[in-house]
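Below is one structure; the comments refer to it alone.
What follows is calculated from the coordinates using simple rules that are stated; it is not laboratory data. It should be emphasised that the depicted structure is a prediction, and the values quoted were computed from it without experimental measurement. Note: ideal-geometry Cβ built from the backbone for every residue, glycine included; neighbour counts use all protein chains shown.
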Amino acid sequence: MTLASGPTLSPEQRRNFIQRGFSRRSFGKIATVIAAGSSLPFYNEPAMAQLSKVTNVPPDAVMINANENPLGPSAEARDAVHSIVSQGGRYLYGETDKVQKLMAEQEGVKLDYVRIYPGSSAPLHQAVLAFTSPTKPLVTADPGYEAGGRAAKFIGAKVISVPLTKDFKHDVKAMAAASPDAGLIYICNPNNPTGTLTPKEDIEWLVANKPAGTIVMIDEAYTHIAGAPFNTDLVAQDKDVVVLRTFSKIYGMAGLRAGAAIARPDLLEKLGGFSAGMLPITGMVAANTSLQQKNLVPDRRKIIAGVREDTFGFLEKHNFTYVPSVSNCFMVDVKQPGMNAIMALRKEKVYIGRVWPAWPTYVRVTVGTQDEMKKFQTAFLKVMA
């Protein structure tokens with residue numbers, strides 16, 4: 001994409017990116033990231049789920065490929081959505097303000113430390129753009145969620161991938177030592193795709209021992225599911241930390257689009273500039289309603305854990321090797337090129353996730369409903385036989 005045919009940068013933006021080591025040849029791609037936000041092609045979870053394009057899916061297929069929550073929005077959230085649809089012709093900015101205020105109160109941070117987005121893909125992309133460059137790498141886990149790394153490569157920033165530890169945690173010491181000039185260190189906790197948890201004390205160590213000027217981004221998309229400690233206390237302490245939240249997972253709102261970045265105002269300001277603008281009022285009222293339901297998170301955590309542990313029991317019974325996850329996805333070793341098993345399962349009308357190059361014989365499986373996972377078990381036994 002050239003500047004003549006696509007979005008353009010202001011003179012001030014051009015100067016800033018040149019000072020950070022970008023070439024003028026990068027400007028077209030940088031402008032694309034700014035303009036695209038959360039819809040940057042092939043760099044968010046829904047898009048990457050389609051890397052092996054899924055077409056002509058049977059209506060009775062089991063879809064456990066995209067880390068979605070099959071429970072969907074709560075009944076109360078659905079009622080709130082229905083109630084506000086008739087006002088869809090209005091710019092109801094106040095609905096976003098309500099979510100921002102409630103999140104700030106619940107997380108113990110000031111109001112201007114919270115910025116609401118349609119999901120968490122946009123602030124992840126914008127953080128890569130704001131804090132990385134050809135001279136300031138992105139440091140990420142391997143295997144790990146690829147969106148940040150793909151966005152960095154797209155704009156010409158360096159990516160350093162650090163293998164997980166032998167017990168599948170982020171190797172925070174190796175990540176801190178990966179580059180003295182790191183612009184952004186990305187931690188998804190629990191990790192996607194492994195569903196494994198890095199202890200909070202490790203993250204606190206990383207924040208205390210990272211290179212000066214490096215920003216630590218903690219993606220808490222799956223933290224509710226694990227019941228693990230959050231890290232907004234580090235934000236409240238004014239650390240160099242950006243926390244990402246999404247309503248796509250535990251709250252079952254992947255299609256409604258709501259999320260947030262929580263950080264010091266100066267860090268949020270570096271993200272934009274690139275404001276999310278008017279957000280869908282359906283997503284906002286569903287998010288606001290969900291945050292107020294005291295039992296929603298623990299109840300859903302229990303449901304997901306029950307189905308997950310039943311599936312692990314099946315894998316253990318049949319001597320399959322898997323990574324013990326605390327999230328709504330897990331990795332299982334199919335002892336062959338992962339794509340072979342993926343395509344074989346599709347013939348059984350079971351669609352699972354993708355393969356990570358670091359672990360070529362492992363595939364990611366999302367935890368679906370109990371019925372869906374029973375169908376997965378039947379198909380998996382047939383394919384693996």
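Here are a few things to note about the model shown:
- Qualifying residue in the stretch 236-256 (condition: in a helix (DSSP H, G or I), closer than 24 Å to V81 by Cα and in contact with a Ser or Thr (Cβ under 9 Å, 6 or more places away or on another chain)): no
- Selection from the stretch 157-197 of residues that are assigned to a loop (DSSP other than H, G, I, E, B) and surrounded by fewer than 17 Cβ atoms within 10 Å (Cβ to Cβ): T165, K166, D167, P180, D181
- Complete set of residues in the stretch 101-114 that are surrounded by fewer than 23 Cβ atoms within 10 Å (Cβ to Cβ), touching a residue at least 24 places away in the same chain (Cβ under 8 Å) and closer than 18 Å to P280 by Cα: L102, M103
- Residue within the stretch 267-283 that is within 14 Å of Q100 (Cβ to Cβ), assigned to a strand (DSSP E or B) and touching a helix residue (DSSP H, G or I) at 6+ places or on another chain (Cβ under 8 Å) present: no
- Just one of the listed residues (D233, D202) is closer than 22 Å to P143 by Cβ and either part of a helix (DSSP H, G or I) or of a type outside the set (A, V, I, L, M) (or both), and it is D202.
- Which numbered condition M343 fails, given (1) under 23 Å from the mean Cα position of the chain (by Cα); (2) among the hydrophobic types (A, V, I, L, M, F, W, C); (3) assigned to a helix (DSSP H, G or I): (1)
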